[in-house]
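Reviewing the structure listed below.
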Amino acid sequence: MSAQLPACQLLERYYGQAAHLMPVAPPADAWLMEHSSAMVSGDAALRQQWVANGKLAASPFDSPFSRQAGQVVLFWPKAHQLGVWWLEWLCHVLPENTPVDIVGEHQGGIKRVPKVLGELGMRCDKLDNARRCSLFSTRTVPMAIPDNAWKSFEALTLTLVSHPGVFGHGKVDEGTTLLLETLEGGLPKTPLKVLDMGCGDGIISAWLGNRGHLITAVDVSAFAVEACRRTLSANQISGRVLESDVYTALEGERFDLIVSNPPFHQERDITYGPSKRLIEGASDHLTARGQLIMVANAFLPYPELLERSFSCFETLADNRRFRVYRGQL
Ligand SMILES: C[S@@+](CC[C@H](N)C(=O)[O-])C[C@H]1O[C@@H](n2cnc3c(N)ncnc32)[C@H](O)[C@@H]1O
């Protein structure tokens, strides 16, 4: 089996078939999984895939591995500040002077890595360069646990807490704003059992929790889950926040309302997978007469899916760029 993604092809070319790696924040690539026994990622769905293949997989918010399992390779993320956070985290959890290699695509910002390493007082050696990707090598230095990446900001009379890599990071999305404006006045005063699917920094959960509704929030990203927990706590709102790949952590649970600004990007690609599962699985997670209310870019092909999955479907708002849809069982 050969690597499929350019960054993994560079690793295959550099380390060869004897590679034994411990990827950090990796993409999904079968060659990479075959050549690793353990990984660390904020993506719960990817971790589940690795565990299903007999590998160890940890979230950076779990206690770190007691033992290093292979050459550590950090995949440089698109969000530059998240890359810096991962470097600081690695320095914190690994013994001083542990070799760490860093790989990434040129269009994903990997060329900024030597400067970042210099600023953190870490060495930098260039190992290889191909497939429009580069591979650098460094060694860990002593560092405190990175906590200064968390950022608080005020919006819609709420305090929101975010982290690099979490959707929107530091600003409110236009689609989310339209969704909340549409919900205002349209919801009953009696508390509803609400599921916020793909909660990000928790803006929708906090907004609904502030109005007395009972909140369950889920996200596939460990960073988003932690951000949402911090947002609810900053606004003195109680709620349950879980890591979940769409409904995986919600087996057998039903809600009066599912609300979402669902994802349609994975890295740089467009994907409807999670949104399709959100819509098609809603009937198994809604109470009788329960509703799904979601916002989406106007060009996304959700009306057809919603019409197929709900007996009653309508567009509640349309500002040309975004639409708010409601499906009712
Ligand atoms: C468009 S953002 C919306 C975030 C937040 N609700 C808001 O309105 O600002 C979509 C969110 O879905 C999450 N997500 C992506 N894939 C997911 C999946 N398979 N299961 C659950 N959440 C997912 C992303 O991490 C992201 O936080």
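Any read-out appearing in this document is the output of simple, stated calculations on the displayed coordinates, not a laboratory observation. Because the structure is predicted, anything quoted here is derived from the model rather than measured. Note: ideal-geometry Cβ built from the backbone for every residue, glycine included; neighbour counts use all protein chains shown.
The listed peptides 215-226, 80-91, 296-307, 147-158, ordered by packing as a protection proxy, come out as 215-226, 80-91, 296-307, 147-158 (highest mean of other Cβ atoms within 10 Å first). Rounded to the nearest 10 degrees, the inclination of helix 174-183 to the longest alpha-carbon principal axis of the chain is 30 degrees. Under a model in which nothing but the beta-carbon of Lys, Arg (+1) and Asp, Glu (-1) is charged, the chain shows a dipole of about 340 debye around its Cα centre. Where only DSSP H runs of four or more residues are counted, the chain gives -8000 deg cm²/dmol as its mean residue ellipticity at 222 nm, each run worth -39500 (n - 2.57). Checking every one of the GluC sites (Glu not before Pro) in the stretch 161-193 against DSSP loop status and a limit of 11 other Cβ atoms within 10 Å picks out 184. Using Cα pairs closer than 8 Å and at least 6 residues apart in sequence, work out the relative contact order for the chain, in percent. Reported relative contact order: 12 percent. Lysine pair count for the chain (Cα-Cα distance under 20 Å; residues 8 or more apart in sequence or on different chains): 8.
Computed 3J(HN,Hα) for the stretch 7-12, one whole-Hz value per residue from the Karplus formula 6.51 cos²θ - 1.76 cosθ + 1.60 where θ = phi - 60°, is 5, 6, 5, 5, 5, 4, glycine and proline marked x.
The HN-Hα couplings worked out from phi for the stretch 272-277 by the Karplus form 6.51 cos²θ - 1.76 cosθ + 1.60 (θ = phi - 60°) are 9, x, x, 5, 5, 5 Hz, whole numbers, x standing for Gly and Pro. Expressed to the nearest 5 percent, the antiparallel share of DSSP beta bridges inside the chain is 50 percent. Summing Lys and Arg as +1 and Asp and Glu as -1 over all other residues whose Cβ lies under 10 Å from the Cβ of residue 287 gives a net charge of +2. For the stretch 6-139, taking Cα atoms only, Rg and Dmax work out to 13.6, 39 Å respectively.
With θ taken as phi - 60° and the Karplus curve 6.51 cos²θ - 1.76 cosθ + 1.60 applied, the whole-hertz 3J(HN,Hα) list for the stretch 30-40 is 5, 4, 4, 5, 4, 9, 9, 10, 8, 8, 10 Hz, x standing for glycine and proline. In Å, what Kirkwood hydrodynamic radius results for the stretch 205-284 from the alpha-carbon pair distances? Result for the stretch 205-284 stands at 13.6 Å. Please list, by residue number, every one of the trypsin sites (Lys or Arg not before Pro) in the stretch 289-322 that is coil in DSSP and has at most 13 other beta-carbon atoms within 10 Å. Answer in residue order: 320, 321.
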